[in-house]
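Asks: So that we are looking at the same thing, I have put the structure below in structure tokens.
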Amino acid sequence: MKAQIAQKGRRPAEMAALGTPQLEGLTYSVKETAVVLGVSTSTVYRLLYRGVLSCLSCLRHKRISRASVVAFVEQGGHDD
């Protein structure tokens, strides 16, 4: 019970670091996308601006679809 209370409010990345099983998300935040791609958040914003990655604007937060990230990686990471 204490473990559940301690994990309440943790982000998925924090839970993964703790070895807690998690569902794979359909979208990533800008920070999570940067971690997945191994780049800076500035680079992710640049890719969004160029239209290389597509995002969903939910209120004030940008969410990048997992499919968009996978497509970017599969094309070799080029923004042509």
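Asks: Given the conditions (1) at pLDDT 60 or above; (2) at negative phi, and given that Leu59 satisfies all but one, which numbered condition is not satisfied?
Replies: All conditions are met except number (2).
Asks: Let me ask something else. For the range 24-65, what are the residues that are open to solvent by less than 70 Å² (accessible area, probe 1.4 Å), touching a residue at least 24 places away in the same chain (Cβ under 8 Å) and under 14 Å from Gly77 (Cβ atoms)?
Replies: Answer for the range 24-65, where residues must be open to solvent by less than 70 Å² (accessible area, probe 1.4 Å), touching a residue at least 24 places away in the same chain (Cβ under 8 Å) and under 14 Å from Gly77 (Cβ atoms): Thr33, Leu37, Leu47, Val52.
The values are calculated or read from the model by the stated rules, or taken from the named source; none is laboratory data. In this text the structure is predicted, and so the values were computed from the model without any measurement. Note that we place each Cβ from the backbone using ideal geometry, even for glycine, and neighbour counts take in every protein chain shown. SASA here: full protein model, heavy atoms, side chains in, ligands and nucleic acids out. Shrake-Rupley method; radii C 1.70, N 1.55, O 1.52, S 1.80 Å.
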